[in-house]
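Novice: My structure is below; once you've seen it, I'll send some questions.
The values are calculated or read from the model by the stated rules, or taken from the named source; none is laboratory data. What you see is a predicted model; the values in this text were computed from it and never measured. Heads up, the Cβs are rebuilt from the backbone with ideal geometry, glycines too, and the neighbour counts pull from every protein chain shown.
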């Protein structure tokens, strides 16, 4: 059996869910990663040479292993499968026969030859949820297009809006930017996850479904407010997209982000700033007037922020009810008291045997807390189980 039939010792939200993942991209791999984090059994189908993500940067200095792959693959199993061969087709069929969900980013033009086209899958496995995760979806004029992270960030509109706010003030000559890392891939993977779960929960009533996920569509949802403003004729641009007042500020020893959306938060901000005369002007009680004079207000806030330490500002802001948070380094995040208390990070064992802390998932469950990350699978570790 490819999937473990023994009941887990700890019941997790997706205990008993069986997933087959065939991924080349971060989006599909991340969907599988989140399913595994919630307790699903996830089997990765890899080519003989292994997933290209195994060599994706950044690489760990100590072992040369891919930190990205370690994060995306921890808690999964690995099975070598080439569906273009007869033996590979047999392995694929055996895997899918016991699966609930298939996460697949095989290009549309290659699916029929691999036996992964939705029609074939639907006929052979009528109760399987088949989730396609492609840069521009599996239908429409762009279905055969490939797309790297930078393409998808810009195709989704976010690149048009970056850099903005303080970044643009500090570096006005910078060209459009890509969000660091694999932002679009994670957005696409999150959408694939929610679609997969929605379809799986509907299986008792509807049977299996084919779900077509577009990473570009997932990116468009990030800029929902900018899209909404198109309705009133406003086209946001990196030079104009910013909070009317608030945003990112440099303090005496760091950076923080501040936002006041409600009148009570504005009043609390005035108290935080020490009740200066300019902030007590009657006209500024009107939120529309504050928006019109945002640059002027930010100038006052910026001058005050530059004279105070970030931790003192954030602590006092939280006491008063002003939404404010410090920008922290990765080390500060992984060692943070808040993150540790919520159990967001857990040890994972790499293929080399080295242990590292990784983010378990961007969420937790109160009644069934996630238990840990597990290990990163060696390539083809399930070969003996398939031939047994």
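Novice: What about residue 300, is it assigned to a loop (DSSP other than H, G, I, E, B) and farther than 30 Å from residue 129 by Cβ?
Specialist: Numbers: assigned to a loop (DSSP other than H, G, I, E, B): no; farther than 30 Å from residue 129 by Cβ: yes.
Considered against the rule, which asks whether it is assigned to a loop (DSSP other than H, G, I, E, B) and farther than 30 Å from residue 129 by Cβ, residue 300 comes out as no.
Novice: Helices (runs of 4 or more DSSP H) wholly in the range 90-197 with at least 1 residues that are over 30 Å from residue 295 (Cβ atoms) - which ones?
Specialist: Details: elements: 108-114, 118-124, 149-155, 166-170.
Passing ranges, in order: 108-114, 118-124, 149-155.
Novice: Mind checking which residues of the range 119-155 are more than 26 Å from the chain's Cα centre (by Cα) and either within 23 Å of residue 30 (Cβ to Cβ) or not assigned by TED's automatic domain parsing to the domain that holds residue 31 (or both)?
Specialist: Result: 121, single match.
Novice: Take the conditions touching a helix residue (DSSP H, G or I) at 6+ places or on another chain (Cβ under 7 Å) and either in the same structural domain as residue 271 (by TED's automatic domain parsing) or surrounded by 13 or more Cβ atoms within 10 Å (Cβ to Cβ) (or both) and apply them to residue 359. Does it pass?
Specialist: Working: touching a helix residue (DSSP H, G or I) at 6+ places or on another chain (Cβ under 7 Å): no; either in the same structural domain as residue 271 (by TED's automatic domain parsing) or surrounded by 13 or more Cβ atoms within 10 Å (Cβ to Cβ) (or both): yes.
Answer is no for this residue.
Novice: Report whether or not residue 289 is touching a strand residue (DSSP E or B) at 6+ places or on another chain (Cβ under 9 Å) and loosely packed, with under 15 Cβ neighbours inside 10 Å. Give the derivation first.
Specialist: On the way: touching a strand residue (DSSP E or B) at 6+ places or on another chain (Cβ under 9 Å): no; loosely packed, with under 15 Cβ neighbours inside 10 Å: yes.
Taking the combined requirement at face value, the residue does not satisfy it.
Novice: With 311, 337, 351 as the choices, which residue is outside the structural domain of residue 269 (by TED's automatic domain parsing), more than 22 Å from the chain's Cα centre (by Cα) and surrounded by 12 or more Cβ atoms within 10 Å (Cβ to Cβ)?
Specialist: Values: 311 fails: outside the structural domain of residue 269 (by TED's automatic domain parsing); 337 fails: surrounded by 12 or more Cβ atoms within 10 Å (Cβ to Cβ).
Just a single option satisfies the conditions, and that option is 351.
Novice: Further question on the same structure: Is it true that some residue in the range 244-260 is surrounded by 12 or more Cβ atoms within 10 Å (Cβ to Cβ) and modelled with pLDDT under 85? Give the derivation first.
Specialist: Here is the first cut: in the range 244-260, the ones surrounded by 12 or more Cβ atoms within 10 Å (Cβ to Cβ) are 244-252, 254-260.
When the remaining residues are screened for being modelled with pLDDT under 85, the result is 244-245.
Yes - at least one qualifying residue is present in the range 244-260.
Novice: A further question on this structure: Read through the list (1) touching a residue at least 40 places away in the same chain (Cβ under 8 Å); (2) surrounded by fewer than 18 Cβ atoms within 10 Å (Cβ to Cβ); (3) closer than 19 Å to residue 16 by Cα; (4) touching a helix residue (DSSP H, G or I) at 6+ places or on another chain (Cβ under 9 Å), then give the number of the only condition that residue 60 fails.
Specialist: (3)
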